[in-house]
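Have a look at the structure below, then the notes.
A short reminder: the numbers here are calculations on the coordinates, not readings from a lab. Everything numeric in this text was worked out from a predicted model, so none of it was measured. With ideal geometry, Cβ positions are generated from the backbone for all residues, glycine too; neighbour counts draw on all protein chains shown.
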Amino acid sequence: MDLNLKGKRALISGSTAGIGLAIAASLAREGAHVIVNGRSQGPVDKAVAELKEATGGDVTGFAGDLSTAAVAEDLARRHPDVEILVNNLGIFEPKPFEEIPDADWMRFFDVNVLSGVRLARLFLPAMKRADWGRIIFISSESAIQIPTEMIHYGMTKTAQIAVARGLAEAVAGTGITVNSVLPGPTKSRGVVDFVGALTQGSDKSFDDFEEEFFEKVRPTSLIKRFASTEEVASMVTYLASPLASATTGATLRVDGGVIKSAF
């Protein structure tokens, strides 16, 4: 299926690894001009080289911390014609509620929520002039089922859904769509590193951890495994395309059935 993405210019924040990198690869394969972002130049250059080799696509990079306003503004000056914005930048950290200081709440909100708000605000005027655009927030199933082990993270994911819906209402009647995507537990680099740290010094393998995780921590999962980053990227790529023009203001789940609801 041709998703009609050839020549579209897409920015994916936080895209040097994991879900963001998979989205960048998927969009590049569809012919989009992809801008990869990471905090430092080394990982950005590596991701750009890997994507060009794997996809043969038009890929460029931008190194900088997009949780800061000045860096976001610099990006918008260099790449003012972004048509597809995927707000994927995010952090997570398990921590007991009583041990989460105010500074952590503010840091998580700034990185996970305000980074996307700023970018949407910067690129929306050009999308309005063109009467076409796609803004996608990568939220999480944790937005619906707040994890007790990282309430501050869940709060930011819920906020992303609210921003996406409100922004979709604000551009009603235009060719711009705004949606949020809720991945479930996904085998991203962050998850692999996290599992590795937890199992260090033991004889427990990743497969052992995965089986135990879905038995005890996420028992409502219907697929009983971590999703791949490519599975999430497939949904995002479709949403970014002109074919998804009737899908806006929506919260779409790629959660493996973890959220125990039919709606």
Review point. Which of the aspartates and glutamates could a cross-linker bridge to LYS204, judged by Cα under 19 Å and excluding same-chain residues fewer than eight apart?
Key: ASP193, GLU212, GLU215
Exercise for review: Working from Cα positions, state the angle (0 to 90°, nearest 10) between the long axis of helix 115-130 and the longest principal axis of the chain.
Suggested key: 30 degrees
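Send over the semi-axes of region 18-78's equivalent ellipsoid, whole angstrom and largest first, taken as the square roots of 5 times the C-alpha gyration tensor eigenvalues. All intermediate terms of the calculation are to be shown ahead of the outcome.
On the way: eigenvalues 86, 28, 19 Å².
Equivalent ellipsoid of region 18-78: 21, 12, 10 Å, largest first.
With 10 angstrom as the radius, rank LEU27, LEU252, LEU89 by how many other C-beta atoms surround their C-beta, starting from the fewest. If you can, show how the numbers build up before the last one.
Details: LEU27 31, LEU252 18, LEU89 22.
With the sparsest Cβ surroundings first, the list reads LEU252, LEU89, LEU27.
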Review point. If all Cα-Cα distances of region 30-128 are sorted into 5 Å bins from 0 onward, what percent lands in each bin, rounded to whole numbers?
Key: 2, 12, 19, 21, 18, 13, 8, 4, 2, 0
Study note, to complete from the structure: In units of 2.2 N^0.38 Å, the Cα radius of gyration of region 136-263 is 1.17
Check your understanding: Helix 151-170 versus the longest principal axis of the chain: what is the Cα-based angle in degrees, 0 to 90, to the nearest 10?
Key -> 30 degrees
Practice item. Output the pairs from LYS46/LYS187; LYS8/LYS157; LYS95/LYS216; LYS46/LYS157 with a Cα-Cα distance over 25 Å in this structure; if there are none, say none. Key: LYS8/LYS157; LYS46/LYS157
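Order of ARG78, ARG218, ARG225 from fewest to most other C-beta atoms within 10 Å?
Numbers: ARG78 11, ARG218 19, ARG225 14.
So the residues, fewest neighbours to most, are ARG78, ARG225, ARG218.
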Check your understanding: Taking Rh as the Kirkwood radius computed over C-alpha pairs, what is the Stokes-Einstein D of the chain at 20 °C in a medium of viscosity 1.002 mPa s, expressed in µm² per second?
Key -> 115 µm²/s
Practice item. Quick one: compute the contact order of the chain, relative version, from alpha carbon pairs under 8 angstrom and 6+ residues apart, as a percent. Key: 20 percent
Review point. In whole angstrom, how far apart do the alpha carbon centroids of region 164-220 and region 81-105 sit?
Key: 13 Å
